[in-house]
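Here's the structure, in structure tokens; my notes come after.
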Amino acid sequence: MAFDAHFLHFCNAITEPYIEMDYFVITAILVFLSAIFGYLNVRFLKLPTTIGLMVITIVFTMGIFVLGYFDDRLLNAERYIISQIDFKSVLLDIMLSFLLFAGALHTNFNQLKVQRWPIFVFSTVGVLVSTFLIGTAMFYGFQLFGFDLPFIHCLLFGALISPTDPIAVLGILKQAGVPKKLETKIVGESLFNDGVGVVVFLTVFQFASSSTHKITALEVLELFGVEVIGGIVLGLLIGWMSYRLLKSIDDYDIEVIITLAAVMIGTVIAQQFHLSAPLAMVAAGLVVGNDTLRDSAMSEITETYVDKFWELIDILLNTLLFVLIGMEILVLTFELNYVLAGMMAIPVVLACRYLSLWLPIHYFKDKLDFVPKTNLIMTWGGLRGGISIALALGLTEAMHRDLFLVITYVVVVFSIIVQGLTVGRLVKKVAK
């Protein structure tokens, strides 16, 4: 009881107007919560880390909501913390680069090379087709709930929900027992389609927000070319330079720091020149993680330290991210119609993903020996996560931000918890 009293006093104090929490204090609180929730998951729930953390955080936040009716100090403290964090900026501008580099670093480059064409089509054509299908379906679906939304705003939702989230996918597929050649397709697609998806979202966003200036096809191609191609070229260059530096020395401490510097400076350069930082870091990670190059550039002890360092970064940021996703429930505007629209969006998003993958899978399946029910597994295993929420937070009020944010949150929670928990059983049942 004494501890509870002191903790409530602390939470009340930090919400006072004359007390300003700096980013270190906020980060310390988030890491503390991540450690506690992670412990509870490992000790009692024993769920995959990403799923367990989000479940516990949502339950924790809902508990604080209930407690807020009697004592709102904890609720005010959590709201204050969330208000100080620009989730969109933190994820898209900072965390995503580290997470994608770590994911690409441990991706089988040779398998990725074999599957390069289906991965390319899934992450480009698939995202575009899915965006249009979801936007069209939601445009008519919204009318069932009395929402009269412009078609371009529905396309915005299609663009932000179409990319699968590499962070959620990588974290859950490791424990799902997916066959390697299928895992490569899903992971490879998710590594690239988030960068493409962000560019598609930004393009549609410009159309939606430009009431006077009409955007031409040339401007769209220029934006897509600069962001996507420029980002990949930058990433390949950074990866090659890192490889040359790693090859010229044999000191695991400095070599680990070189990989860290590559991600940080690469992200800064990409942002300064309006290139896709996510795609740049995927390309850099694939180069540095390429077995042929790393065997000639790193000693065995360096490989161990580099891998362990980036595994730790991956785990830490994943933990923080899914705690933040759970806490973002505080920014939602709960209305029954919004939640019902979110429930409607779940089958719509899944069906449109299935349709967007159907043609490329049928085209490539005989050439690359796809496993049975590839489309079904890729549809159910294509999880949505923090990227979709971050993009939804970037919408303006005129674009029905509150509505789309609730719908996105419902889809993401269903995707991570329900799909994430059952994809392993689906694989065992159909991929024989």
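The values are calculated or read from the model by the stated rules, or taken from the named source; none is laboratory data. Values in this document were obtained by computation on a predicted structure and should not be read as measured data. For neighbour counting, all protein chains shown are included, and Cβ atoms are generated from backbone atoms with ideal geometry for every residue, glycine included. Accessible surface areas use protein heavy atoms only, side chains included; no ligands, DNA or RNA. Shrake-Rupley method; radii C 1.70, N 1.55, O 1.52, S 1.80 Å.
Tabulated values for the structure
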read-out	value
2 or more residues touching a helix residue (DSSP H, G or I) at 6+ places or on another chain (Cβ under 8 Å) and within 22 Å of Gly141 (Cβ to Cβ): qualifying helices (runs of 4 or more DSSP H) within region 376-432	386-393, 401-414
Thr408 of a type in the set (Ser, Thr, Tyr) and in contact (Cβ under 8 Å) with a residue 40 or more places away in the chain	yes
Test: residue in region 150-163 that is within 20 Å of Arg116 (Cβ to Cβ) and crowded, with 22+ Cβ neighbours inside 10 Å	yes
Count of region 76-132 residues which are open to solvent by 50 Å² or more (accessible area, probe 1.4 Å) and either at positive phi or in a helix (DSSP H, G or I) (or both)	18
Evaluation of Ile265 against (1) open to solvent by less than 90 Å² (accessible area, probe 1.4 Å); (2) aliphatic (A, V, I, L, M); (3) in a helix (DSSP H, G or I); (4) at pLDDT 90 or above (one fails), failing number	(1)
From Phe44, Phe60, Phe32, Phe7, residue being surrounded by 13 or more Cβ atoms within 10 Å (Cβ to Cβ), aromatic (Phe, Trp, Tyr), in a helix (DSSP H, G or I) and modelled with pLDDT of 90 or more	Phe60
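Matching residues to (1) of a type in the set (Lys, Arg); (2) in contact with a Pro (Cβ under 9 Å, 6 or more places away or on another chain); (3) open to solvent by 10 Å² or more (accessible area, probe 1.4 Å):
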| residue | (1), (2), (3) |
| --- | --- |
| Tyr338 | no, no, yes |
| Ala341 | no, no, no |
| Val371 | no, yes, yes |
| Asn375 | no, no, yes |
| Trp380 | no, no, yes |
| Gly386 | no, no, no |
| Thr396 | no, no, yes |
